[in-house]
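Encoded as structure tokens, the structure appears first; notes follow it.
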Amino acid sequence: MPKTRLAILIGPKGRGTNLKAIARACQDGRLEAEVAVVISPAGDSPAAQWVREQGLTLELVSPKAEAYGGGLLAVLRAHSAEWVCLAGYTRLLPTEVLNAYAGRILNIHPALLPKYGGKGMYGSHVHEAVVAAGETESGCSVHLVTERYDEGPIIFQVRCPVEPGDTPETLAARVLELEKQAYWQAIAQAIKRPHSA
């Protein structure tokens, strides 16, 4: 039975923690999928370097390109991608891609959505807000991607305590460990569901 083909979109500067977790889950059989292509706006990030070292396919697509939406969609189709996973990619996706892959684009967010989501809420900004608000619980959420930041249906959440004395950095480290497990498990669930795209 052919494996589901994933495209993973990464950001220009990331380390690729979630990318690596997904790729390893594919490689060792925990996730019945394969990484068809990794798409990045820049080729010099630690994550992009890791992709090359692993022998995975890396495509560079600049969001500043005039025909960005069409170009991104062409790359996805050229690699027969069936699902798109955002891993450190913080831009809104072009309408062409959202329409072509409706219900088949996933993102992971380092908080319990719908709290602490939306424009500008990524990375350390999220954990700073959670700690500042005095929350006793945080975690991560995997959701379907739509035309608005972090507002797509939530399909998977994992929780952890916010400990007394936590800083944004200590909380970020705890949530990141959850993300490494949550994302591939969410993908495994999602690709088994029928979709209407």
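The values are calculated or read from the model by the stated rules, or taken from the named source; none is laboratory data. Being a predicted model, the structure only gives us computed values, none of them experimental. Reconstructed Cβ throughout: ideal geometry from the backbone, glycine too, with neighbour counts over all protein chains shown. For accessibility, only protein heavy atoms count, side chains too; no ligands or nucleic acids. Shrake-Rupley method; radii C 1.70, N 1.55, O 1.52, S 1.80 Å.
What to note about this one:
- Residue within the stretch 168-175 that is touching a residue at least 60 places away in the same chain (Cβ under 8 Å) and in contact with a strand residue (DSSP E or B) (Cβ under 8 Å, 6 or more places away or on another chain) present: yes
- Filter result for the condition that a residue is out of contact with any Asp or Glu (no Cβ under 7 Å at 6 or more places or on another chain), open to solvent by 50 Å² or more (accessible area, probe 1.4 Å) and not small (Gly, Ala, Ser), over PRO41, PRO2: PRO2
- Residue count for the stretch 50-69 under the criterion of being over 19 Å from GLY14 (Cα atoms), exposed (fewer than 13 other Cβ atoms within 10 Å of the Cβ) and of a type outside the set (A, V, I, L, M, F, W, C): the result is 1.
- A single entry from TYR122, TYR183, TYR116 fulfils the requirement of being touching a strand residue (DSSP E or B) at 6+ places or on another chain (Cβ under 9 Å) and at pLDDT below 95: TYR122.
- Just one of the listed residues (ALA25, ALA7, ALA47) is over 21 Å from ARG91 (Cα atoms), of a type outside the set (Val, Ile, Thr) and open to solvent by less than 10 Å² (accessible area, probe 1.4 Å), namely ALA25.
- Only one entry in ALA132, ALA100 is under 27 Å from HIS79 (Cβ atoms) and of a type in the set (Gly, Ala, Ser), namely ALA100.
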